[in-house]
1. Multiplying the sequence separation of Glu148 and Thr58 by 0.36 nm and subtracting their Cα-Cα distance, what value in nm do you get?
2. Calculate the spin-label point distance for Arg29 paired with Glu68, positioning each point 7 Å from the Cα along the beta-carbon direction, and give it in nanometres.
3. Can you tell me the relative contact order of segment 1-79? Whole percent, Cα pairs under 8 Å, sequence separation 6 or more.
4. Where nothing but the Cβ of Lys and Arg (+1) and of Asp and Glu (-1) is charged, how large is the charge dipole of segment 15-60 around its Cα centre, in debye to the nearest 20?
5. Order of 139-146, 128-135, 94-101 by packing, highest average Cβ count within 10 Å first?
6. Could you list which residues have their amide H under 5 Å from that of Val9, counting only those 5 or more apart in sequence or on another chain, with H placed in the peptide plane?
Amino acid sequence: MGGELRICVNEERMPPPIEGLDGDEGKWRLSLEPHRDLLVDITGVEPTDELTRRELETIRARLEGYVEREKRTAGESARRVNEAEGDRARSPVDRLRRLLALLVGCVPLVGTATADRDSSDAQQSYSPETVQQLAQVFRAAIDDRQREIPDATGTVSVTAATTASSANASAD
């Protein structure tokens, strides 16, 4: 069951307008339950109160990847529309060749199980804007966790050689 993600942020940072997110005085609280299906479908991570930093990073990366795929897909769709409009000006033979090429790309190869394709395409389509806003929240959560971790660049103390051993070393 989804819980609540609590994040301490810089007070100037504005929370994105997303369902279930409350922000005040440098603290954000995101109710994960309204976004549970989206998070599981896109990231494969079950949202809980106790998300590790690695899980936060996985969620953020997969959300951002989803947004990039959607942008790329939208760009390809726009390109196809432009090509289709350009096809009207071409000869009937060119249009037929283009149509056949598109159909060959859509038809599965002989012997390919269509059930496998259907299961991979079963992911529901989500609004890229909503997914991007969730990614912003998870990025803020990662930043918050990073601040919680003490500085890992501690100094290594090396004991100085004693004067006697230095003198013995120079005498040899």
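Values in this text are rule-based calculations from the coordinates and carry no lab data. The structure displayed is predicted, hence computed values, not measured ones. Heads up, the Cβs are rebuilt from the backbone with ideal geometry, glycines too, and the neighbour counts pull from every protein chain shown.
1. That pair, Glu148 and Thr58, stretches by 30.5 nm at full extension.
2. According to this spin-label approximation, the distance is 3.5 nm.
3. Answer for segment 1-79 is 27 percent.
4. Value, rounded to 20: 200 debye.
5. Details: 139-146: 17.6, 128-135: 19.6, 94-101: 12.2.
Going by the mean number of other Cβ atoms within 10 Å, highest first, we get 128-135, 139-146, 94-101.
6. It is Lys27, Trp28, by chain and number.
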